[in-house]
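Notes to accompany the following structure.
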Amino acid sequence: MKRSTWLDLLAGEDGQALALPAATRMLLGELDDRLFEFWNLGENVFLAWCEENDAIRLLVVPHYAIAEAIHSKSAPVEEIAESNDFINRILTNPKHLTPDEFQKVALALGGCVETIACRVGEAVTAELVDRLVNRYGISLVRGRAVVLLDAVGFSLHTPLEQVAMLNSLAYSVNSAYRQLLSKDIHINFARTTTGDGFYIWNRARTVDANISLYKLMMLILADNAVAQRKARGAWVPRLRAAFHVGEHYEFYQVEALNPTTFSYIVGPVTIDLSRMIEQAMPNQILLGDFDIEMTENGIPVEVSTLDFVARTAASLHQLRGLSIADDRIENILCYLTGRRTDLGGYAVAPYRIHDKHGIPRTVFNAKINIHREKAAPIYLGVQNEELASPHYERVIERTTEPAG
(Lines give C-alpha, C1' and ligand atoms only; values in the text may rest on other atoms or scores of the structure.)
Protein backbone atom coordinates (compact mmCIF):
# COMPACT_ATOMS: atom_id res chain seq x y z
CA MET A 1 0.00 0.00 0.00
CA LYS A 2 1.08 3.58 -0.62
CA ARG A 3 1.36 4.86 2.96
CA SER A 4 2.06 1.74 5.00
CA THR A 5 4.92 3.50 6.81
CA TRP A 6 2.59 5.40 9.11
CA LEU A 7 0.03 2.77 10.09
CA ASP A 8 1.95 1.78 13.20
CA LEU A 9 2.33 5.44 14.17
CA LEU A 10 -1.43 5.85 14.12
CA ALA A 11 -1.97 2.96 16.44
CA GLY A 12 -0.36 4.12 19.67
CA GLU A 13 -1.03 7.43 21.41
CA ASP A 14 2.17 6.93 23.41
CA GLY A 15 4.19 6.63 20.22
CA GLN A 16 4.70 2.90 20.61
CA ALA A 17 3.76 0.72 17.67
CA LEU A 18 0.85 -1.64 18.25
CA ALA A 19 0.65 -5.01 16.56
CA LEU A 20 -2.24 -4.78 14.11
CA PRO A 21 -3.66 -8.00 12.64
CA ALA A 22 -3.02 -8.48 8.93
CA ALA A 23 -6.73 -8.19 8.16
CA THR A 24 -6.95 -4.85 9.99
CA ARG A 25 -3.91 -3.49 8.17
CA MET A 26 -5.43 -4.49 4.85
CA LEU A 27 -8.75 -2.79 5.67
CA LEU A 28 -6.99 0.35 6.89
CA GLY A 29 -4.91 0.36 3.72
CA GLU A 30 -8.02 0.21 1.55
CA LEU A 31 -9.63 3.00 3.58
CA ASP A 32 -6.49 5.11 3.36
CA ASP A 33 -6.42 4.72 -0.43
CA ARG A 34 -9.90 6.25 -0.60
CA LEU A 35 -8.97 9.06 1.78
CA PHE A 36 -5.86 9.75 -0.26
CA GLU A 37 -8.00 9.98 -3.39
CA PHE A 38 -10.36 12.56 -1.83
CA TRP A 39 -7.43 14.49 -0.32
CA ASN A 40 -6.03 14.94 -3.85
CA LEU A 41 -2.41 15.85 -3.06
CA GLY A 42 -3.43 18.44 -0.46
CA GLU A 43 -6.12 20.22 -2.46
CA ASN A 44 -8.73 19.22 0.14
CA VAL A 45 -8.89 18.75 3.91
CA PHE A 46 -11.28 16.66 6.01
CA LEU A 47 -13.24 18.45 8.74
CA ALA A 48 -15.50 15.72 10.10
CA TRP A 49 -16.67 12.15 9.67
CA CYS A 50 -19.37 9.87 10.97
CA GLU A 51 -20.37 6.22 10.65
CA GLU A 52 -23.79 5.40 9.29
CA ASN A 53 -25.32 2.28 7.68
CA ASP A 54 -22.01 0.38 7.46
CA ALA A 55 -20.36 3.33 5.74
CA ILE A 56 -18.15 6.29 6.60
CA ARG A 57 -19.39 9.75 5.61
CA LEU A 58 -16.66 12.32 5.21
CA LEU A 59 -16.91 16.13 5.00
CA VAL A 60 -14.36 17.30 2.42
CA VAL A 61 -13.61 21.00 1.73
CA PRO A 62 -10.91 22.76 -0.34
CA HIS A 63 -7.97 23.79 1.82
CA TYR A 64 -8.59 27.49 1.16
CA ALA A 65 -12.30 27.31 2.03
CA ILE A 66 -11.64 27.62 5.78
CA ALA A 67 -9.81 30.94 5.44
CA GLU A 68 -12.35 32.22 2.92
CA ALA A 69 -15.21 31.40 5.29
CA ILE A 70 -13.62 33.64 7.93
CA HIS A 71 -12.26 36.50 5.84
CA SER A 72 -15.09 37.41 3.54
CA LYS A 73 -14.34 40.96 2.35
CA SER A 74 -18.02 41.93 2.28
CA ALA A 75 -18.89 40.59 5.74
CA PRO A 76 -19.20 42.94 8.75
CA VAL A 77 -16.57 42.65 11.50
CA GLU A 78 -19.10 41.02 13.85
CA GLU A 79 -19.91 38.29 11.32
CA ILE A 80 -16.21 37.64 10.68
CA ALA A 81 -15.69 37.13 14.43
CA GLU A 82 -18.67 34.79 14.61
CA SER A 83 -17.41 32.82 11.60
CA ASN A 84 -13.96 32.57 13.17
CA ASP A 85 -15.44 31.24 16.44
CA PHE A 86 -17.63 28.76 14.55
CA ILE A 87 -14.73 27.41 12.46
CA ASN A 88 -12.49 27.16 15.53
CA ARG A 89 -15.17 25.17 17.40
CA ILE A 90 -15.28 22.69 14.53
CA LEU A 91 -11.48 22.43 14.37
CA THR A 92 -11.26 22.00 18.17
CA ASN A 93 -13.96 19.37 18.50
CA PRO A 94 -13.35 15.69 17.64
CA LYS A 95 -13.64 14.89 13.95
CA HIS A 96 -15.73 11.82 14.78
CA LEU A 97 -19.33 13.07 15.04
CA THR A 98 -22.74 11.50 15.39
CA PRO A 99 -24.79 11.45 12.15
CA ASP A 100 -26.96 14.34 13.41
CA GLU A 101 -23.94 16.46 14.38
CA PHE A 102 -22.28 15.66 11.07
CA GLN A 103 -25.35 16.76 9.12
CA LYS A 104 -25.49 20.09 10.96
CA VAL A 105 -21.83 20.85 10.28
CA ALA A 106 -22.12 19.79 6.63
CA LEU A 107 -25.13 22.08 6.10
CA ALA A 108 -23.40 25.00 7.81
CA LEU A 109 -20.11 24.72 5.93
CA GLY A 110 -21.12 23.31 2.59
CA GLY A 111 -18.33 21.31 1.01
CA CYS A 112 -18.65 17.82 -0.37
CA VAL A 113 -19.84 14.77 1.57
CA GLU A 114 -18.11 11.61 0.39
CA THR A 115 -19.20 8.10 1.37
CA ILE A 116 -16.90 5.10 1.79
CA ALA A 117 -18.23 1.60 2.32
CA CYS A 118 -16.52 0.53 5.55
CA ARG A 119 -17.92 -1.08 8.67
CA VAL A 120 -16.50 0.46 11.83
CA GLY A 121 -16.26 -2.10 14.58
CA GLU A 122 -13.82 -4.58 16.06
CA ALA A 123 -11.47 -4.84 13.09
CA VAL A 124 -11.34 -1.16 12.12
CA THR A 125 -12.15 0.79 15.27
CA ALA A 126 -13.45 4.35 15.36
CA GLU A 127 -10.21 5.38 17.09
CA LEU A 128 -8.07 4.08 14.21
CA VAL A 129 -10.33 5.72 11.63
CA ASP A 130 -10.17 9.00 13.53
CA ARG A 131 -6.38 9.00 13.61
CA LEU A 132 -6.24 8.20 9.92
CA VAL A 133 -8.68 11.00 9.05
CA ASN A 134 -6.64 13.43 11.14
CA ARG A 135 -3.66 12.88 8.82
CA TYR A 136 -5.64 14.66 6.13
CA GLY A 137 -7.19 17.39 8.27
CA ILE A 138 -6.51 20.46 10.40
CA SER A 139 -7.07 20.63 14.14
CA LEU A 140 -7.08 23.47 16.64
CA VAL A 141 -5.34 22.28 19.80
CA ARG A 142 -5.89 24.21 23.03
CA GLY A 143 -3.87 24.08 26.24
CA ARG A 144 -0.73 22.48 24.85
CA ALA A 145 2.74 23.19 26.25
CA VAL A 146 5.46 23.97 23.71
CA VAL A 147 9.19 24.57 24.17
CA LEU A 148 11.29 26.71 21.84
CA LEU A 149 15.04 26.09 21.91
CA ASP A 150 17.11 28.65 20.02
CA ALA A 151 20.83 28.59 19.16
CA VAL A 152 22.27 32.03 19.96
CA GLY A 153 24.09 33.69 17.05
CA PHE A 154 23.35 30.76 14.77
CA SER A 155 23.49 32.80 11.53
CA LEU A 156 27.01 34.02 12.36
CA HIS A 157 28.48 30.53 12.03
CA THR A 158 29.63 28.71 8.91
CA PRO A 159 27.23 26.19 7.32
CA LEU A 160 29.29 23.24 8.56
CA GLU A 161 29.30 24.66 12.08
CA GLN A 162 25.52 25.12 11.83
CA VAL A 163 25.09 21.48 10.86
CA ALA A 164 27.22 20.41 13.82
CA MET A 165 25.26 22.69 16.18
CA LEU A 166 21.90 21.28 15.13
CA ASN A 167 23.23 17.72 15.42
CA SER A 168 24.52 18.54 18.91
CA LEU A 169 21.12 19.91 19.91
CA ALA A 170 19.33 16.89 18.43
CA TYR A 171 21.63 14.59 20.44
CA SER A 172 20.81 16.51 23.64
CA VAL A 173 17.09 16.10 22.91
CA ASN A 174 17.45 12.35 22.35
CA SER A 175 19.71 11.90 25.38
CA ALA A 176 17.24 13.74 27.63
CA TYR A 177 14.37 11.65 26.30
CA ARG A 178 16.27 8.42 27.02
CA GLN A 179 16.96 9.60 30.57
CA LEU A 180 13.27 10.24 31.22
CA LEU A 181 12.37 6.81 29.89
CA SER A 182 14.81 5.25 32.35
CA LYS A 183 12.64 6.74 35.14
CA ASP A 184 9.47 5.48 33.47
CA ILE A 185 8.50 9.03 32.51
CA HIS A 186 6.95 8.59 29.09
CA ILE A 187 6.63 11.54 26.76
CA ASN A 188 5.36 11.20 23.21
CA PHE A 189 7.14 14.29 21.97
CA ALA A 190 7.18 15.83 18.52
CA ARG A 191 9.45 18.53 17.17
CA THR A 192 9.83 20.74 14.15
CA THR A 193 12.80 22.86 13.21
CA THR A 194 12.81 26.65 13.20
CA GLY A 195 16.05 26.78 11.20
CA ASP A 196 18.22 27.65 14.19
CA GLY A 197 16.47 25.53 16.80
CA PHE A 198 13.41 23.42 17.54
CA TYR A 199 9.82 23.67 18.68
CA ILE A 200 9.15 20.64 20.90
CA TRP A 201 5.78 19.57 22.27
CA ASN A 202 4.11 16.58 23.90
CA ARG A 203 1.28 15.04 21.89
CA ALA A 204 -0.60 14.45 25.15
CA ARG A 205 -2.06 17.56 26.84
CA THR A 206 -2.64 16.71 30.51
CA VAL A 207 -1.03 18.54 33.42
CA ASP A 208 1.41 15.64 33.86
CA ALA A 209 2.23 15.63 30.15
CA ASN A 210 3.06 19.34 30.23
CA ILE A 211 5.19 18.86 33.35
CA SER A 212 7.03 16.01 31.62
CA LEU A 213 7.80 18.36 28.74
CA TYR A 214 9.26 20.90 31.18
CA LYS A 215 11.46 18.15 32.64
CA LEU A 216 12.56 17.21 29.14
CA MET A 217 13.58 20.84 28.58
CA MET A 218 15.57 20.81 31.84
CA LEU A 219 17.56 17.75 30.85
CA ILE A 220 18.16 19.03 27.31
CA LEU A 221 19.59 22.28 28.67
CA ALA A 222 21.69 20.39 31.24
CA ASP A 223 23.17 18.07 28.61
CA ASN A 224 23.90 21.08 26.39
CA ALA A 225 25.56 22.96 29.28
CA VAL A 226 27.92 20.08 30.00
CA ALA A 227 28.70 19.68 26.28
CA GLN A 228 29.56 23.40 26.11
CA ARG A 229 32.09 22.99 28.92
CA LYS A 230 33.79 20.14 27.08
CA ALA A 231 33.67 21.54 23.55
CA ARG A 232 36.84 22.84 21.93
CA GLY A 233 35.06 24.53 19.05
CA ALA A 234 31.81 26.18 18.04
CA TRP A 235 29.96 22.95 17.35
CA VAL A 236 27.92 23.04 20.60
CA PRO A 237 25.28 25.79 20.47
CA ARG A 238 24.74 28.27 23.26
CA LEU A 239 21.02 28.08 23.91
CA ARG A 240 18.19 30.22 25.11
CA ALA A 241 14.79 28.69 25.82
CA ALA A 242 11.14 29.68 26.06
CA PHE A 243 8.23 27.65 27.43
CA HIS A 244 4.57 28.52 27.05
CA VAL A 245 1.12 26.92 27.08
CA GLY A 246 -1.51 28.00 24.57
CA GLU A 247 -3.33 27.07 21.40
CA HIS A 248 -2.18 26.30 17.87
CA TYR A 249 -3.31 24.72 14.63
CA GLU A 250 -1.86 21.32 13.78
CA PHE A 251 -1.62 19.91 10.28
CA TYR A 252 0.39 17.59 8.05
CA GLN A 253 2.19 19.07 5.07
CA VAL A 254 2.69 17.32 1.74
CA GLU A 255 5.95 15.46 1.25
CA ALA A 256 6.37 14.21 -2.31
CA LEU A 257 2.85 12.88 -2.96
CA ASN A 258 1.88 12.02 0.61
CA PRO A 259 1.13 13.81 3.87
CA THR A 260 4.12 13.75 6.20
CA THR A 261 4.16 11.29 9.09
CA PHE A 262 4.84 14.13 11.53
CA SER A 263 2.77 17.23 12.20
CA TYR A 264 3.48 20.94 12.01
CA ILE A 265 2.13 23.54 14.41
CA VAL A 266 1.40 27.23 13.93
CA GLY A 267 -0.71 29.62 15.95
CA PRO A 268 -0.77 31.91 18.99
CA VAL A 269 1.52 29.77 21.15
CA THR A 270 4.28 29.54 18.51
CA ILE A 271 3.98 33.27 17.76
CA ASP A 272 4.25 34.10 21.47
CA LEU A 273 7.30 31.84 21.84
CA SER A 274 9.11 33.34 18.84
CA ARG A 275 8.49 36.88 20.13
CA MET A 276 9.62 35.91 23.63
CA ILE A 277 12.83 34.32 22.38
CA GLU A 278 13.72 37.50 20.45
CA GLN A 279 14.17 39.30 23.78
CA ALA A 280 15.82 36.41 25.64
CA MET A 281 19.48 36.61 26.62
CA PRO A 282 21.95 33.77 26.02
CA ASN A 283 21.39 30.97 28.57
CA GLN A 284 18.06 32.49 29.66
CA ILE A 285 14.85 30.50 30.24
CA LEU A 286 11.61 32.43 29.80
CA LEU A 287 8.10 31.25 30.66
CA GLY A 288 4.97 32.79 29.26
CA ASP A 289 2.16 34.12 31.42
CA PHE A 290 -0.68 31.61 31.18
CA ASP A 291 -3.76 30.68 33.18
CA ILE A 292 -5.30 27.91 31.18
CA GLU A 293 -7.47 24.81 31.47
CA MET A 294 -5.61 21.51 31.49
CA THR A 295 -6.76 17.97 32.26
CA GLU A 296 -5.82 16.17 35.47
CA ASN A 297 -7.11 12.63 36.02
CA GLY A 298 -9.79 13.32 33.43
CA ILE A 299 -10.97 16.48 35.22
CA PRO A 300 -10.48 20.02 33.80
CA VAL A 301 -8.39 22.24 36.12
CA GLU A 302 -7.17 25.83 35.79
CA VAL A 303 -3.38 26.06 35.97
CA SER A 304 -1.41 29.32 36.03
CA THR A 305 2.31 29.75 35.35
CA LEU A 306 3.05 29.91 39.09
CA ASP A 307 0.89 26.83 39.77
CA PHE A 308 2.61 24.95 36.98
CA VAL A 309 6.14 25.64 38.22
CA ALA A 310 5.12 24.75 41.79
CA ARG A 311 3.66 21.43 40.59
CA THR A 312 6.81 20.72 38.60
CA ALA A 313 9.09 21.55 41.52
CA ALA A 314 7.13 19.20 43.78
CA SER A 315 7.71 16.27 41.40
CA LEU A 316 11.44 16.72 40.71
CA HIS A 317 12.40 13.94 43.11
CA GLN A 318 11.61 11.67 40.14
CA LEU A 319 14.80 12.89 38.43
CA ARG A 320 17.17 12.03 41.28
CA GLY A 321 19.67 9.39 40.30
CA LEU A 322 19.67 10.27 36.61
CA SER A 323 23.13 10.59 35.10
CA ILE A 324 24.46 13.79 33.53
CA ALA A 325 28.00 13.51 32.17
CA ASP A 326 28.62 10.30 34.11
CA ASP A 327 27.54 11.77 37.45
CA ARG A 328 24.20 11.20 39.15
CA ILE A 329 21.72 13.94 40.04
CA GLU A 330 21.56 14.35 43.82
CA ASN A 331 18.99 17.15 43.88
CA ILE A 332 17.28 19.46 41.40
CA LEU A 333 15.39 22.70 41.92
CA CYS A 334 13.31 24.83 39.57
CA TYR A 335 11.76 28.20 40.30
CA LEU A 336 10.78 31.60 38.93
CA THR A 337 13.06 34.40 40.05
CA GLY A 338 12.03 37.20 42.38
CA ARG A 339 12.67 38.14 46.02
CA ARG A 340 11.93 36.92 49.52
CA THR A 341 9.20 38.83 51.36
CA ASP A 342 9.26 39.92 55.01
CA LEU A 343 6.51 37.38 55.79
CA GLY A 344 8.56 34.44 54.53
CA GLY A 345 6.79 34.11 51.20
CA TYR A 346 8.27 34.69 47.79
CA ALA A 347 7.49 37.50 45.38
CA VAL A 348 7.85 36.30 41.80
CA ALA A 349 8.85 39.09 39.43
CA PRO A 350 6.96 39.18 36.13
CA TYR A 351 8.41 41.29 33.32
CA ARG A 352 6.77 43.01 30.41
CA ILE A 353 8.62 42.83 27.11
CA HIS A 354 7.72 44.37 23.75
CA ASP A 355 8.26 42.52 20.49
CA LYS A 356 9.41 44.06 17.21
CA HIS A 357 5.82 45.12 16.50
CA GLY A 358 5.52 46.89 19.85
CA ILE A 359 3.11 44.28 21.25
CA PRO A 360 3.61 43.76 25.01
CA ARG A 361 3.90 40.31 26.61
CA THR A 362 4.32 39.28 30.22
CA VAL A 363 7.07 36.74 30.90
CA PHE A 364 8.78 35.11 33.86
CA ASN A 365 12.49 34.44 34.31
CA ALA A 366 13.17 30.81 35.26
CA LYS A 367 16.10 29.13 36.97
CA ILE A 368 17.04 25.47 37.28
CA ASN A 369 19.76 24.28 39.70
CA ILE A 370 21.05 20.73 39.34
CA HIS A 371 23.28 19.37 42.08
CA ARG A 372 25.25 16.22 41.32
CA GLU A 373 26.86 13.73 43.68
CA LYS A 374 30.51 14.36 42.75
CA ALA A 375 30.72 16.91 39.95
CA ALA A 376 30.12 20.65 40.05
CA PRO A 377 26.50 21.88 40.06
CA ILE A 378 24.82 22.92 36.84
CA TYR A 379 23.05 26.28 37.00
CA LEU A 380 20.65 26.94 34.15
CA GLY A 381 19.10 30.31 33.39
CA VAL A 382 20.12 33.82 34.43
CA GLN A 383 19.81 35.60 37.76
CA ASN A 384 17.13 38.18 38.42
CA GLU A 385 19.82 40.86 38.84
CA GLU A 386 20.93 40.35 35.23
CA LEU A 387 17.60 41.62 33.90
CA ALA A 388 18.50 45.30 34.05
CA SER A 389 18.01 45.67 30.32
CA PRO A 390 15.45 48.30 29.20
CA HIS A 391 13.76 45.44 27.33
CA TYR A 392 12.54 44.06 30.69
CA GLU A 393 9.96 46.23 32.43
CA ARG A 394 9.02 45.11 35.96
CA VAL A 395 5.29 44.73 36.60
CA ILE A 396 3.30 43.91 39.73
CA GLU A 397 4.90 41.08 41.70
CA ARG A 398 2.97 37.89 42.42
CA THR A 399 3.45 36.55 45.92
CA THR A 400 3.46 32.86 46.80
CA GLU A 401 2.61 31.54 50.25
CA PRO A 402 5.46 30.82 52.69
CA ALA A 403 6.37 27.14 52.99
CA GLY A 404 4.70 25.25 55.85
**OP:** Working carefully through the options Val363, Val348, Val382, Val395, find the one that is assigned by TED's automatic domain parsing to the domain that holds Met217, farther than 22 Å from Arg240 by Cα and aliphatic (A, V, I, L, M).
**Re:** Val395
**OP:** Any chance you could count how many residues in the stretch 122-166 are at positive phi and not in a strand (DSSP E or B)?
**Re:** 1
**OP:** Could you please find all residues in the stretch 234-248 being of a type in the set (Phe, Trp, Tyr) and more than 12 Å from Leu221 (Cβ to Cβ)?
**Re:** Trp235
Original post:
Can you find a residue in the stretch 62-74 that is touching a strand residue (DSSP E or B) at 6+ places or on another chain (Cβ under 9 Å), modelled with pLDDT of 90 or more and either assigned to a loop (DSSP other than H, G, I, E, B) or surrounded by 13 or more Cβ atoms within 10 Å (Cβ to Cβ) (or both)?
Top reply: yes
Subject >> Index of the failed condition, Ile332 passing every other in (1) over 16 Å from Ala176 (Cβ atoms); (2) part of a strand (DSSP E or B) >> reply: (1)
Subject >> Residue ID - farthest from Leu169 (Cα to Cα), chosen from residues in the stretch 202-246 that are basic (Lys, Arg) and not in a helix (DSSP H, G or I) >> reply: Arg205
**OP:** Tell me, yes or no, whether the stretch 260-281 has at least one residue that is in a strand (DSSP E or B), of a type in the set (Val, Ile, Thr) and out of contact with any His (no Cβ under 7 Å at 6 or more places or on another chain).
**Re:** no
Subject >> Unmet criterion (only one of (1) in contact (Cβ under 8 Å) with a residue 12 or more places away in the chain; (2) surrounded by fewer than 16 Cβ atoms within 10 Å (Cβ to Cβ)) for Arg203 >> reply: (2)
Original post:
Which one of the conditions (1) surrounded by fewer than 22 Cβ atoms within 10 Å (Cβ to Cβ); (2) part of a helix (DSSP H, G or I); (3) in contact with a helix residue (DSSP H, G or I) (Cβ under 9 Å, 6 or more places away or on another chain) does Gly195 fail to meet, given that it meets all the rest?
Top reply: (2)
Original post:
Where residues in the stretch 379-404 are at pLDDT 95 or above and not in a loop (DSSP other than H, G, I, E, B), which of them is farthest from Asp150 (Cα to Cα)?
Top reply: Tyr379
Subject >> Output for the stretch 167-196, where each listed residue is of a type in the set (A, V, I, L, M) and touching a Pro at 6+ places or on another chain (Cβ under 8 Å) >> reply: Leu169
Subject >> Filter result for the condition that a residue is in contact with a helix residue (DSSP H, G or I) (Cβ under 9 Å, 6 or more places away or on another chain), modelled with pLDDT of 90 or more, crowded, with 17+ Cβ neighbours inside 10 Å and farther than 30 Å from Lys230 by Cα, over Val120, Val146, Val124, Val105 >> reply: Val120
Original post:
Given (1) modelled with pLDDT of 90 or more; (2) closer than 15 Å to Ala151 by Cα, where does Ala234 come up short, assuming only one miss?
Top reply: (1)
Original post:
Residues of the stretch 1-59 being modelled with pLDDT of 80 or more, of a type in the set (Gly, Ala, Ser) and assigned to a helix (DSSP H, G or I), which ones?
Top reply: Ala22, Ala23, Gly29
Subject >> Where Met165 falls short, out of the listed (1) within 21 Å of the chain's Cα centre (by Cα); (2) in the same structural domain as Met217 (by TED's automatic domain parsing) >> reply: (1)
**OP:** Only residues in the stretch 292-315 that are free of Cβ contacts under 8 Å to residues at least 40 places away in the same chain count as the first member; pair them with residues that are among the charged types (D, E, K, R), Cβ under 8 angstrom, at least 6 apart or cross-chain, and list the lot.
**Re:** Pro300/Glu293; Glu302/Asp291; Glu302/Glu293; Ser304/Asp291
**OP:** Sort through Ala231, Ala227, Ala222, Ala209 and tell me the only one that's of a type in the set (Gly, Ala, Ser), within 20 Å of Leu273 (Cα to Cα) and assigned by TED's automatic domain parsing to the domain that holds Thr261.
**Re:** Ala209
Original post:
Which ones in the stretch 83-102 are basic (Lys, Arg) and surrounded by fewer than 17 Cβ atoms within 10 Å (Cβ to Cβ)?
Top reply: Arg89
**OP:** Identify, by number, the condition in (1) among the small types (Gly, Ala, Ser); (2) closer than 21 Å to Val303 by Cα; (3) over 11 Å from the mean Cα position of the chain (by Cα) that Ser175 doesn't meet.
**Re:** (2)
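The values are calculated or read from the model by the stated rules, or taken from the named source; none is laboratory data. This one's a predicted model, so the numbers in the text were calculated from it and none came from an experiment. Note that each Cβ is placed from the backbone with ideal geometry, even for glycine, and that neighbours are counted across all protein chains shown.
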